[in-house]
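Notes follow the structure.
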Amino acid sequence: MSDFQYEEVPPEEHSDPETLVASAPLAELQEIPSDPVFDDEEEEQEQLKMEATNTASSPSAAAATETNTETAVAKTSSTEDSIFSTMYAVAKKVAIVGSIYLVGYMGWSVAWLIAPVVLSVARDRFRKTTEHKRSIAKASALASEKEVIMARIDELPAWVYFPDVERCEWVNKILKQLWPNANHYARVLVKETIEPAVAESLANYKMNGFRFDRIILGTIPPRIGGVKVYTQNIGRNEIIMDLDLFYASDCDINFYLGSMKGGIKDFQIHGWVRVVMKPLIRSMPLIGGLQIFFLNNPNIDFNLVGVIDLLDMPGLSDLLRRIIVEQIGNVMVLPNKLPITLSNEVPATSLKMPEPEGVLRIHVVEAKDLMKKDISMLGKGKSDPYAIINVGSQEFKTQIIDNNVNPKWDFWCEAFVNSPVGQEVFFHLWDSDPGPQVDDSLGRASVEIINAVKRGVVDTWLTLENAKHGMLHVRLQWYKLTANPLDLQSALAETQLLRVASMSSAILIVFIDSAKNLKQARINSNPDPYLVCSVGKQKQQTGMIMRDNSPVWEQGFTFLVGNPENDTLQIKIFDQKTGSEIGQFGYVIATLLRKQNMDVVSQPFQIQKSGPESKLIMSLSLRILKKAEEIVEVDSAEAPAPVDNKLQRTISKTASIQEPTTPKDLQSQTSRISAETPLSEEEPNLKVSSPTNLQSITPPRSPNPFSASLVGGESVLTHRVPDLSASPGEHGLGRILLTIHYLAQRQKLFVTIHKIMNIPIRDPSNIPDPYVKLYLLPGRSKESKRKTVVIKDNCNPVYDATFEYLMSTAELLQSELEVTVCTQKGFFGSPIIGMLKIPLTDPEVSGNGLNTWFDLQPEFKHD
């Protein structure tokens, strides 16, 4: 690597405008054309310099001679470059003309000619835009902070915008001095960590044989735009600071992709880097180690050169860029960290074991008024939207909904959060396009995780950025971690209530330290072992250790656990050379529930299907998800006065006793009778029992408002009304049993149609074939239509069918449910037997659920 020598200009020379070294300001860089030429003024300056050299003394003349020699060599090399560039241009023109001739000669469609032209134009425009951005970024990295501020007011350093971020020019001077040594460490990291991961990812796209050939990161060091040191809400055994990192390198990286050789130049990266110094120790160097990581995915850009330059166009370059971003995220973006041990006193678990602070449950509900990106025959059509959710390096993708600008995804996912302060959830909406076409962006939005931590729940509509219009409805729920096994039952009950199979109730933290005395997979040769951990469908893998039967991995993983009482941690060890399994181990997660603090620290376990002395040393930690308390901001002026529940129940009981019941009231109340007690079956008569046998009497499952019990002495007198299900209802059209329940956590309305009783028979020879239709009002759209199956020749059909509606609480309070019972037997369509219109504002709907009988009413006109 060559070292640059900077030549200082004496101060007195700055007053002479002719001898001032010209440096293009950053703002003027935007006006410089892509192929700059020297103007007349610059030529005159060159002539003045040549004349001054000719009139100098003999020593300076010798120096001038040397300078002229170097200039001549430079001109010779530039002449050679121009010859090669001319030959390249001629070859390029010949290829273009030849392709046109070939298209005409072969009689192919004109599309074979138009498609390359369109791709070429798009590629040129894309390269000009990216090269312009890279040139500005590189000038920013080389310029002083004063020039950056004066030239680009819209991209000021972080310390200008944030008062708690401080300037750190002294750090940039230190980095400049340290960069040659740090350059060597970075090359080793890229070669050993990122190269195999990129090769594996490209292999999934049938691009095999990726390897780095040369890695030179250049002489331009990273630049720190500001530093923020945290002094509150941190442990006394650690130091935390955030750095605004900006790196615009002059790197020269060559790689091979199969037999094709390519390169990466002008590599740039920008993002917030967190440095955690922990633990603090009492011996030098006073800091036990470092943890370095990006809080969120950084912005990455680079330029492809060589034969792989063909990939540098929209779509193909995005694939390679996405793979590189993913692999950097797997190393240095949360929840992944780059640990550096500074003292041997510090155990590996303190720096390398995962330390999540909680789990964020994300519900992407729906979007509305999205942009129309697809083009149809009649103009602009709709879009096929889907959403990408990012939390650090964790990425989730919703399903694609075709031809809809108001999609409802109802997508759930869970993400580990290691540092709520500074981390964000990013939502990026895309329009899916078929084939090799690039998906169109529909906008993006983000939410700071600390808001969910403070409030417990964030349920909001987000306005999409970088879009003309569109909004996204998301719900974030924060779960803290607890080591109390008694909290498991409440966590399991909540997951069952959500009715989402992928939700978890706990997390398992695994730290794989090392293995000892593994068996040989090959004769007279140690294995190349790597380890695979799995919990359910989740899999994590360690790195491979070359030729070692006692490998030391020191890697940590985190798993979401659905039910710790049933799940098992499966561990398998493989030899990479042969692919054969050289050991396995299974651990029942429920065992941790009986351990102190639900932890196992650096414990050896016997490896199965390996040597007799094979051991696996690992640490385990189980944590239960506990829902954070929701903080609801209520205006004190509008808040209702507190009511004593006991007093309210007493008043309601008294009122029910004192008020007489009229036949009309009885009929209206019988239209909604609790369905927990089956009305179609005769209840057994209660026996008269003594007080000693009262406890053996089974009470009814729900109170009946038309039954009364009188306990006196040693007897119980019970009065019960006749079976209400025998009645065809108030209008003689039959009765229907429904369960309506709204879950605010899931933003879903569940409607269960149990059965219908006593449908009237108008013609004994024509028994109805009933089915039930549901609509949401207002609107009565086709999207809200739900329908049961048809049951043939039955006046008392049983369905037990459950339907779901995705809707917010505000939409629930403004909606009604229309229930229509029809028969399929009809000459013209399906005649209606009866209808219902049920308001969804009933508190029971949002509470424990509304489970009642309803009288069917005559057909009414739709609004």
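The values are calculated or read from the model by the stated rules, or taken from the named source; none is laboratory data. Not measured: the values here are computed from a predicted model. Every residue, glycine among them, receives a Cβ derived from its backbone with ideal geometry; neighbour counts consider all protein chains shown. Accessible surface areas use protein heavy atoms only, side chains included; no ligands, DNA or RNA. Shrake-Rupley method; radii C 1.70, N 1.55, O 1.52, S 1.80 Å.
Observations on the model:
- Inter-part distance where segment 203-270 and segment 579-614 are each reduced to a Cα centre, Å: 37 Å
- Protection proxy ranking for 798-810, 286-298, using the average of other Cβ atoms within 10 Å per residue and placing the highest first: 286-298, 798-810.
- Residue pairs exceeding 26 angstrom between C-alpha atoms, taken from K368/K397; K206/K352; K352/K572: K206/K352.
- Amide H contacts under 5 Å for F210: G258, restricted to partners 5 or more places along the chain or on a different chain, H placed in the peptide plane at 1.01 Å from N.
- Global form of segment 382-523, assessed from the alpha-carbon gyration tensor, a/c cut-off 1.5: oblate
- In terms of its C-alpha gyration tensor, segment 505-544 has a prolate overall shape, because the principal axis ratio a/c (a ≥ b ≥ c, square roots of the eigenvalues) is not below 1.5 and a/b outweighs b/c.
- Charge dipole of segment 496-563 about the Cα centre (unit charges at C-beta), most positive-ward option of G543, I512, L497: L497
- Each Lys and Arg adds +1 at its Cβ and each Asp and Glu adds -1 at its Cβ; summed about the Cα centre, segment 424-519 shows a dipole of about 440 debye.
- Rounded, prolate or oblate (a/c below 1.5 giving rounded, otherwise prolate when a/b exceeds b/c) for segment 458-524 by Cα gyration tensor: oblate
- Segment 721-788, accessible surface, carbon-and-sulfur percent (1.4 angstrom probe): 53 percent
- Cross-link table K480/K627; K382/K468; K837/K861, entries beyond 18 Å C-alpha to C-alpha: none
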